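Structure first, then comments.
Each reported figure results from applying straightforward, stated rules to the coordinates on display, with no laboratory input. Note that the structure is predicted; figures quoted are calculated from it, not measured. Note that we place each Cβ from the backbone using ideal geometry, even for glycine, and neighbour counts take in every protein chain shown.
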Amino acid sequence: MAPACRSGTAAAATLVVAVTVWLALRGLARIPLAGAAPGPAAPLVGPRVRAWYRGLLAPLEGALVEARVHPDAVTWAQLAVSMLAGAAFWAGWLFVGGWLTIVAGTLDVLDGGVARQAGVASPRGALVDSLVDRCAEFATFLGLGAFFRDSWIVLAVAVACFGSFMVSYTRARAEGLGIDVQLGSAQRPERYLILGCGAWLSDLVAHLTCGLTGRATHVVLATAIVVLAGLSAWTALERARLAAAALRRSAP
Amino acid sequence: MTAGAWRPLGFLVLMLGFGLRLDSEWQGLATALLVCGAVAASAGLWALGREAAGGAFVPPARRR
């Protein structure tokens, strides 16, 4: 738990985040929006945000390729950062844990980009990436579970973890049967974003309000975990339904 | 490292500094991270402002 109520630091952090969001929104407005309107099963993070974030990461990606960093090293760094995030959650450092979760998600995006740009993308790299992703997610959920070990929210953490794994497993199994089911509102970037933003926002709110309420509460993070559990389960079910329908159509 | 990379890196270091300041006993490290992050983010924003103002400076000797 937080050692003290630090409303001033929380207010300063809020100001920095607000300025950054304002700059990000200015950048987002410059990204042209192409293509049709998203359907009901579209991811929460739309193509415009994805394009803006890729543009933001492009200099980092270029620097990594220039420094001859192997994509596998980025993948392993993602696992290390996720383990640090889990440890931070376990220790009750929700703000640090939240941002480390977002860094882990960013490294997950970067490794594929570096592999493609360096011309070393391979099925082996994709396999390592998928396996490390699951381990990284588990490390984060383990830390969250430890933080909420005395609360009913630990059950929501378990459901969110199971749902996240099922989202990826359903897609992998369907792809093994020749069906592409890359849809749903709780894909990997969304999961990192919901957990990461939920955690740091929760810590900010706790520090800003603890002077009034007398104690730090983490309602925001608990809500984010419950939402993630619901969205992950829904996405896994949608993917399974779509894959089953495609298999039924292709059956002789 | 390119100028564009300093902004996100500086922001990240700032956030880690704020996080340690909020929740940990490591106040010295938190202050160091806050200072480093502020310097890096400011350098990135300054580079962004220069780009927006008309591109990079070209030394007169190389001008044609």
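Results, tabulated for the structure shown:
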{"item": "Taking only Cα atoms of the stretch A:79-137, radius of gyration then Dmax in Å", "result": "13.0, 41"}
{"item": "Shielding by partners - mean other protein chain Cβ count within 10 Å, residues of A:7-18", "result": "3"}
{"item": "Where only C-alpha atoms are counted, convex hull volume of the stretch A:44-188 per residue in Å³", "result": "116 Å³"}
{"item": "Shielding of B:8-15 by partner chains, average beta-carbon count, 10 Å", "result": "5"}
{"item": "Label point distance in nm, residue A:14-residue A:159, each placed 7 Å from Cα along Cα→Cβ", "result": "3.1 nm"}
{"item": "Compactness relative to 2.2 N^0.38 Å, alpha carbon Rg of the stretch A:105-146", "result": "1.36"}
{"item": "Kirkwood Rh and Cα Rg combined as Rg over Rh, evaluated for the stretch B:3-50", "result": "1.08"}
{"item": "Spherically averaged projected area of chain A from its Cα convex hull (nm²)", "result": "15.5 nm²"}
{"item": "For the stretch A:91-168 and the stretch B:26-42, distance of Cα centres in Å", "result": "26 Å"}
{"item": "Residue-averaged [θ]222 nm for chain A, counting only DSSP H segments that reach four residues, each worth -39500 (n - 2.57)", "result": "-27500 deg cm²/dmol"}
{"item": "Averaged over A:175-186, number of beta-carbon atoms from partner chains that fall within 10 Å", "result": "0"}
{"item": "Net length gained if the chain between residue A:151 and residue A:120 were fully extended (0.36 nm per residue, minus Cα distance)", "result": "6.6 nm"}
{"item": "Segments A:191-202, A:162-173 sorted - mean Cβ within 10 Å per residue, highest first", "result": "A:191-202, A:162-173"}
{"item": "Cα extents of the stretch A:46-117 along the three principal axes, largest first (Å)", "result": "38, 28, 15"}
